[in-house]
Structures are given as C-alpha cells and as structure tokens.
Amino acid sequence: MKVNITAGERLNRILQGKYPGERFVPFNEAMSQGTYSAPLFSEEFVRERAAVHGVSEAEYLGKLSGFMEVLKHAGEYDEIVLWFGDEPFCVANRQTVLDALRRHGCRRSILLNIVHEETGDLIRQETIVPV
C-alpha cells in the first residue's frame, strides 16, 4: 500500500493531474503560523492549532481528516512519499509530517520529493531513513 502526502490542497490537485493513478493526501496545515505546546495531534494540540487558525476544532480536524487517516495506518504502508516545496513554510510542515508519522508507527524509509509548488515539477529527491 502506497500513500503520497502533499503540502496542501493546491499541490494535491496539481499532482493528481500529473499522476492520475496515484493516491494523494494533503497535509493542510501551516505550522509556521502560531505555536503549540502539546504533543502532535493530541486533543490539546488540536485546540491550540484550531485557535491559531481561527476555526473550530471540528473544522480543523475536517481539513486534516485525510492526513489523520494516514496516521492511523502509518505503520502499514509499503511506501510513503512526501511532496513539499523547499521554502521555510514547507520545511516546517514536512518536519511535522515526518515527526507525526514516526510517532504513529512508521519505521520505514520515506521518499521526499522537493517540488516547485506552482507546477509540481520535481526539483530533487531525498530518502529519509528512520532514526
């Protein structure tokens, strides 16, 4: 089983158009905005991040529902591929995604595709090995 995790909905649409047979799930967060003190995706984290974004907890979880489903099965995927840009905003988000995957049982290497966010064109690839 393979999953592709993208920086957000816009990049998700671009990549779905380029690779129509693949499954893409947007992360849909902006970790460079605001702060948090609770463990990733705990109830307290959700409260804190919903407040940062000015939405209800239900709305926050709705935007992250696809990613949260991936986390439930993080240890079951044969292949996980991340698709993110290279600017500081995306660096913060992809680090959060990597931390969350590890905390939810992912123990395998992850392929990181650094892409141009306007076109989805590949800039470079990195393999991230578990620590």
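Counting just the residues of region 32-64 that are in contact with a helix residue (DSSP H, G or I) (Cβ under 9 Å, 6 or more places away or on another chain), of a type in the set (Ser, Thr, Tyr) and loosely packed, with under 13 Cβ neighbours inside 10 Å, which one comes out modelled with the highest pLDDT?
The qualifying residue modelled with the highest pLDDT is SER56.
So, in region 1-43, of the ones that are touching a Gly at 6+ places or on another chain (Cβ under 6 Å) and not in a loop (DSSP other than H, G, I, E, B), which residue ends up nearest to VAL81 (Cα to Cα)?
Per the criteria, the residue is VAL25.
Any residue in region 103-115 that's free of Cβ contacts under 8 Å to residues at least 40 places away in the same chain: show its pairings with residues that are of a type in the set (Lys, Arg) and surrounded by fewer than 16 Cβ atoms within 10 Å (Cβ to Cβ) at Cβ separation under 6 Å, as long as the two are six or more apart or on different chains.
So the pair list comes out as ILE114/ARG124.
Just wondering, is there one or more residues in region 51-71 that are touching a residue at least 12 places away in the same chain (Cβ under 8 Å), of a type outside the set (Ser, Thr, Tyr) and in a loop (DSSP other than H, G, I, E, B)?
Within region 51-71, one or more residues are touching a residue at least 12 places away in the same chain (Cβ under 8 Å), of a type outside the set (Ser, Thr, Tyr) and in a loop (DSSP other than H, G, I, E, B).
Does PHE84 satisfy the condition of being of a type in the set (Phe, Trp, Tyr) and either at pLDDT below 95 or within 22 Å of SER42 (Cβ to Cβ) (or both)?
No, not satisfied.
Mind checking whether some residue in region 79-95 is in contact (Cβ under 8 Å) with a residue 40 or more places away in the chain, in contact with a His (Cβ under 9 Å, 6 or more places away or on another chain) and closer than 19 Å to ARG10 by Cα?
yes
Tell me the residue from GLU79, GLU29 that is acidic (Asp, Glu) and surrounded by 17 or more Cβ atoms within 10 Å (Cβ to Cβ), please.
GLU29
The values are calculated or read from the model by the stated rules, or taken from the named source; none is laboratory data. Note that this is a predicted model, so its numbers are computed, not measured. Here the Cβ is made from the backbone with ideal geometry for all residues, glycine too, and neighbour counts use every protein chain on show.
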